[in-house]
Amino acid sequence: MTDILNSTNASVLTITLNRPKRKNAITQAMYAEFARLLMRADIDMSIRCVVIQGDVNAFSSGNDIGDFLREPTGDDDTPSLRFMRSIATFSKPIIAAVCGPAVGIGTTMLFHCDLVLAGENASFALPFVNLGVCPEAGSSLLGPATFGYQRAAEAFFLGESFSAQKAFELGLVNRVLPPDLTLSAAHELANQISTKPLTALIETKRLLKHSSTAFVLERVEEEGRSFRRMLGEPPAKKAFAAFLDKRRPNVEHY
């Protein structure tokens, strides 16, 4: 089974996380394919919009911990970092359709999406502190910008899951829908957007994000250095070992 599926319909590229038995936990191979697809779509002028989705039961439970811990800690060009850079700089509209758990990177990637539709069964979590590490994917910058500082601090410090309705109130989600309608609604929006002039879409997104893109990329790199350092420290080693031994810390997924 292929863990990342992709299909193109008219001018819309759909990227589907397809690892249902692991609630779409992301491996380094999946990050590499994700980054490849985004970089290719960014320069393909036949693509006007991208939809990122899981299925009606899960968007992504975050990193596959065993696979993630095998990633070289001193490498600043890992597949996960390539994915973060590619989604942060993607020039065309991205729509996310989120049902079920969106944990860790499953939530932080949404800060880079232009529209986010959530099923009523969606739940979100930022469990980095609970695992002895720091935020990633530029979320330490984009989280406060989206939620407001105090609400972002609560989400990161406590690492507790929050509902689709709460995500809507925080500004992370545009619409909350029944799970069985969420993916189709995302594609309807994508099809609507794909009828617009491509140059206008690209320029509008550039202007909307113009003041933040460089800062976001800088923060992605800074977070990456801190994250890799903290992985080698006792709190993270203990938390990840407990997770792998199924004696999990106070976190649902990662």
remark   = R19 passes all but one of the listed conditions (1) of a type outside the set (S, T, Y); (2) farther than 23 Å from T199 by Cα; (3) touching a Leu at 6+ places or on another chain (Cβ under 9 Å); the exception is number (3)
ask   = Out of curiosity, is T182 at pLDDT 95 or above and either under 23 Å from I15 (Cα atoms) or touching a Lys or Arg at 6+ places or on another chain (Cβ under 7 Å) (or both)?
value = yes
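Just the residues that are under 15 Å from the mean Cα position of the chain (by Cα) and over 23 Å from L38 (Cβ atoms), please, taken from the range 101-127.
Narrowing the range 101-127 to residues under 15 Å from the mean Cα position of the chain (by Cα): 101-118, 122-127.
S123, A125, P127 - these are the residues of the range 101-127 that are under 15 Å from the mean Cα position of the chain (by Cα) and over 23 Å from L38 (Cβ atoms).
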ask   = Does the range 120-127 contain at least one residue that is part of a loop (DSSP other than H, G, I, E, B) and hydrophobic (A, V, I, L, M, F, W, C)?
value = yes
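Can you tell me which residue among E154, E160, E218 is without any contact (Cβ under 8 Å) to a residue 60 or more places away in the chain and outside any helix (DSSP H, G or I)? Give the steps one after another, and end with the answer.
Numbers: E154 fails: outside any helix (DSSP H, G or I); E218 fails: outside any helix (DSSP H, G or I).
Result of the check over E154, E160, E218: E160.
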ask   = Does F168 count as touching a residue at least 40 places away in the same chain (Cβ under 8 Å) and either in a helix (DSSP H, G or I) or not basic (K, R) (or both)?
value = yes
task = Only residues in the range 16-40 that are closer than 12 Å to I52 by Cα and in contact (Cβ under 8 Å) with a residue 40 or more places away in the chain count as the first member; pair them with residues that are buried (at least 21 other Cβ atoms within 10 Å of the Cβ) and of a type outside the set (A, V, I, L, M, F, W, C), Cβ under 8 angstrom, at least 6 apart or cross-chain, and list the lot.
result = L17/N24; L17/Q53; L17/G54; L17/S60
inquiry  = I'm trying to understand the selection: among the residues of the range 171-180, which are part of a helix (DSSP H, G or I) and either surrounded by fewer than 16 Cβ atoms within 10 Å (Cβ to Cβ) or free of Cβ contacts under 8 Å to residues at least 24 places away in the same chain (or both)?
reply    = D180
note = When (1) without any contact (Cβ under 8 Å) to a residue 12 or more places away in the chain; (2) surrounded by 18 or more Cβ atoms within 10 Å (Cβ to Cβ) are applied to D77, the one that fails is (2)
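Condition check: farther than 19 Å from E120 by Cα, among the basic types (K, R) and at pLDDT below 95. Does R248 satisfy that? Before the answer, list the steps.
Numbers: farther than 19 Å from E120 by Cα: yes; among the basic types (K, R): yes; at pLDDT below 95: yes.
So R248 passes the test.
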note = Going through the range 65-80 in order, the residues found to be more than 16 Å from E222 (Cα to Cα) and at pLDDT 80 or above are I65, G66, D67, P79
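Going by what's in this entry, would T89 be described as among the polar types (S, T, N, Q) and either surrounded by 24 or more Cβ atoms within 10 Å (Cβ to Cβ) or more than 16 Å from the chain's Cα centre (by Cα) (or both)? Show your work before the answer.
Working: among the polar types (S, T, N, Q): yes; either surrounded by 24 or more Cβ atoms within 10 Å (Cβ to Cβ) or more than 16 Å from the chain's Cα centre (by Cα) (or both): no.
Criteria not met by T89.
What's the total number of residues in the range 182-208 that are part of a helix (DSSP H, G or I) and surrounded by fewer than 16 Cβ atoms within 10 Å (Cβ to Cβ)? Full working, then the answer.
Initially, the range 182-208 is screened for residues part of a helix (DSSP H, G or I), giving 182-193, 198-208.
Okay, now just the ones that are also surrounded by fewer than 16 Cβ atoms within 10 Å (Cβ to Cβ), so 184, 188, 192, 199-200, 203-204, 206-208.
Qualifying residue count, the range 182-208: 10.
The values are calculated or read from the model by the stated rules, or taken from the named source; none is laboratory data. Model, not experiment: these values are computed from the prediction. Because the Cβ atoms are built from the backbone with ideal geometry, glycine has one as well, and the counts that use them run over all protein chains shown.
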